[in-house]
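The values are calculated or read from the model by the stated rules, or taken from the named source; none is laboratory data. Just so it is clear, the structure is predicted and the values come from calculations on it, not from any experiment. Ideal geometry is used to build each Cβ from the backbone, glycine not excepted, and the neighbour counts take in all protein chains shown. We work out accessible area using only protein heavy atoms, side chains counted, and drop any ligands, DNA or RNA first. Shrake-Rupley method; radii C 1.70, N 1.55, O 1.52, S 1.80 Å.
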Amino acid sequence: MKCILYSFLTISMSLSSMAINIKKFDIDYREKSKKFGVHMLSGKKDGIRLYQGTISDVIERPVEAVLETVLAFDKRCNNEYKDKRQISDKSIDCPYNSDSLIESVIVKKLKVADLAKNEVNRFIVKRRSYNHGVYTYNDLIRVFRYLDGYKITMEMLDDTTSKKYISTPLNKKSVMKTSGGTYFILPEGKGKTRYTYTFTCSTDHWLLNKSITVSKFFSDMAQNLRSEFNTLKK
């Protein structure tokens, strides 16, 4: 169980909650990790379990620097999996470690190019991960100007939607039905940045949707949300 939870969480903390309506779920667990400063909740509906975690903290770096690091998806991987790479250069070392992630490739040229109001950037990230087998999926990343900072949404796409955006997407293979997150990156004053990130996912996986798994999932989620925050301080 630990391998399944840790593998999923370490590769999926950068995805969007847009596809999940929390109000449809009966929330049966709420918890705050005092150690990592993360608020979490979980609920279930029709055999599908929802998980959500939120972290909010201040980084002593300016907004633009934090934004640049958040969007550096192609610089996150496990360098020990270099030999498993198929869509990126095997000689490159990733500066940001992500234990189960083999590789991520950013695709900027999209079939759907029109941006929405206040949207300043949009691209796809093709991901491959490993945990007793290879998992693949495509993330849609959208960046919006928000107040004096930015809002970033990310969403794991189904195969049909992926093909609408790029010509050669990876086939979706994941234990999650939906998965994602939303970042708010806002100035805090004196060159500091308020970073708030909410991660949300849902699953009908035979193990991950059971009540006995919630505590362990919460523990790994809190640790990984804090770990991702720590990479932004560098």
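Assorted remarks:
- Test for Tyr96: is it touching a Phe, Trp or Tyr at 6+ places or on another chain (Cβ under 7 Å), hydroxyl-bearing (Ser, Thr, Tyr), in contact (Cβ under 8 Å) with a residue 40 or more places away in the chain and closer than 14 Å to Leu71 by Cα: no
- Of everything in the range 179-198 that is at pLDDT below 95 and buried (at least 23 other Cβ atoms within 10 Å of the Cβ), the residue that is nearest to Tyr150 (Cα to Cα) is Gly181.
- Residue, nearest to Thr153 (Cα to Cα), within the range 210-234, restricted to residues that are assigned to a loop (DSSP other than H, G, I, E, B) and at pLDDT 90 or above: Leu232
- Scope the range 146-192; condition under 25 Å from Tyr51 (Cβ atoms), of a type in the set (Lys, Arg) and assigned to a loop (DSSP other than H, G, I, E, B); matching residues: Lys172, Lys177
- Leading residue by the ranking (surrounded by the most Cβ atoms within 10 Å (Cβ to Cβ)) among those in the range 131-155 that are farther than 16 Å from Lys108 by Cα and in contact with a helix residue (DSSP H, G or I) (Cβ under 6 Å, 6 or more places away or on another chain): Tyr150
- Contact map, the range 23-35: residues that are in contact (Cβ under 8 Å) with a residue 60 or more places away in the chain and part of a strand (DSSP E or B) paired with residues that are open to solvent by less than 80 Å² (accessible area, probe 1.4 Å) and hydroxyl-bearing (Ser, Thr, Tyr), Cβ distance under 6 Å, separation 6+ or inter-chain. Pairs shown: Tyr29/Ser42.
- Leading residue by the ranking (least open to solvent (accessible area, probe 1.4 Å)) among those in the range 62-94 that are outside any loop (DSSP other than H, G, I, E, B) and polar (S, T, N, Q): Thr69
- Members of the range 199-229 found to be open to solvent by 50 Å² or more (accessible area, probe 1.4 Å), under 20 Å from Glu31 (Cα atoms) and not charged (D, E, K, R), listed by number: Ser211, Ile212, Ser215, Ser219, Gln223, Ser227
- Lone unmet requirement of (1) within 27 Å of Ile22 (Cβ to Cβ); (2) surrounded by 19 or more Cβ atoms within 10 Å (Cβ to Cβ); (3) without any contact (Cβ under 8 Å) to a residue 60 or more places away in the chain for Pro169: (1)
- Within the range 56-88, tally of residues that are among the charged types (D, E, K, R) and closer than 22 Å to Thr193 by Cα: 7
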